[in-house]
Amino acid sequence: MSRIPFGISQFDRTIGGGAPSGSVVLLAGEVGAGAREFIYTTAVMNGLARADQEQFDLYYGDLHDRARLPEEVHYLSFTSTEGPLLDEMRHTLEADLVETGTGPLRFGDLSEEYFQLSPVPSEWYSERTRSITSLGQDTDTDDVLDAMGDYLTDHAAGSLVVVDSVTDLISAAGKVMDWTDITLLLKGLEKAANQWGGLILLHVTLDTLSDTELGQLMDATNGTFLFEWESGGSERDRTMVVKQFRGVLSRLEDENIVRFETDIGDTGFDISDVRKIR
C-alpha cells in the first residue's frame with residue numbers, strides 16, 4: 001500500500017514513508033503541545049514538494065520508496081480565513097517556507113455555515129452584506145456538517161485535507177448540532193476516505209474532550225496521535241504518543257517505539273528523540 005508523507009521526515013522514515021493512503025488521523029493535543037504545529041508543517045511541506053522540489057529536498061530529504069505525494073493539499077477551517085492562518089503559520093515556520101509551501105494550498109472557509117445559526121453578526125464573518133429581511137428569507141445555506149461533507153466529497157480523493165478543527169464542532173454540539181451527528185459523520189468519513197485514497201487530518205484540542213468523547217473519536221478514525229506536555233525536572237518537554245494507527249502501529253510496536261520527543265523550530269514540527277517501550 002502506498003503512503004502519503006506527513007512532511008516530518010524522521011517520523012515518515014520511521015513508519016515506512018507516511019500514512020497508508022485512505023487514512024483518517026486524529027491529532028489530539030494539549031494546548032501548545034505541538035498538534036497545531038504538526039498540521040501546519042504537514043500542509044506546508046506537502047505544498048512545498050509540489051511548488052519547489054529543490055527546496056523540499058533541502059528541508060525534508062528524499063521521499064521513501066513507498067511514499068507518494070497527494071494530488072492536492074486542502075486546509076479546511078470553520079472559523080478562520082486564509083490570511084490569519086498564513087500569519088499563524090509564519091510564527092511556526094520560516095516565512096519563505098510558508099510563502100512557497102502554501103502556494104499550492106487550497107483553503108476552504110466554512111465560517112459562514114458555522115456561524116450562521118449563532119448570534120455572531122454576519123458582517124463579522126461574511127464578505128457579503130445581508131439585511132435583516134434577507135436573513136429571514138435565507139433558507140438555502142447549508143448546515144456546517146453538510147457543507148463539510150460536500151467539500152470533502154468534491155476535493156478529498158487523492159488529496160491531503162487538514163480539518164481545523166473538530167474542536168469548533170464540539171463547541172457547537174448541543175447548541176446547533178448533536179454530538180451524535182459529529183461522530184456519525186466521522187465514521188462515514190473513515191469509510192469514504194478508504195475509497196478516496198488520500199489522507200485526512202482532524203485536529204482537536206484535548207482539553208475540550210471527555211474521556212468518552214475522545215474514545216468515540218478514536219473509534220471513528222484510523223489513527224490517533226496525542227500531543228502532550230511532559231514534566232521532567234525543571235523543564236517541560238513536548239511529546240507525541242501514537243495511541244493507535246491501523247496498518248502502522250504493529251510496525252512501531254515491533255521496533256519498540258510508541259512515544260516521540262518533539263521539537264518546534266524554523267522548519268516546523270520535528271522529532272528530536274525516539275522513546276523505546278519499557
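Observations, loosely collected:
- Residues within region 146-177 that are surrounded by fewer than 16 Cβ atoms within 10 Å (Cβ to Cβ) and charged (D, E, K, R), tallied: 4
- Single condition Pro5 does not satisfy, out of (1) at pLDDT 95 or above; (2) surrounded by fewer than 23 Cβ atoms within 10 Å (Cβ to Cβ): (2)
- Taken over region 225-262, the residue count meeting the criterion of being modelled with pLDDT of 95 or more and in contact with a Leu (Cβ under 6 Å, 6 or more places away or on another chain) is 1.
Here's the yes/no breakdown for (1) over 24 Å from Trp229 (Cα atoms); (2) in a helix (DSSP H, G or I); (3) in contact (Cβ under 8 Å) with a residue 24 or more places away in the chain:
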site	(1), (2), (3)
Asp12	no, yes, yes
Val25	no, no, yes
Ala33	no, no, yes
Phe38	no, yes, yes
Arg50	yes, yes, yes
Phe56	yes, yes, no
Asp87	yes, yes, no
Arg90	no, yes, no
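- In region 14-23, the qualifying residues are those that are in a loop (DSSP other than H, G, I, E, B) and in contact with an Asp or Glu (Cβ under 8 Å, 6 or more places away or on another chain), and the one that is nearest to Ala156 (Cα to Cα) is Gly18.
- Selection over region 1-10 of residues that are of a type in the set (Gly, Ala, Ser) and either part of a loop (DSSP other than H, G, I, E, B) or closer than 16 Å to Phe227 by Cβ (or both) gives a count of 2.
The values are calculated or read from the model by the stated rules, or taken from the named source; none is laboratory data. Computed from a predicted model, the values in this text were never measured in an experiment. Positions of Cβ are backbone-derived with ideal geometry, glycine not excepted, and every protein chain shown enters the neighbour counts.
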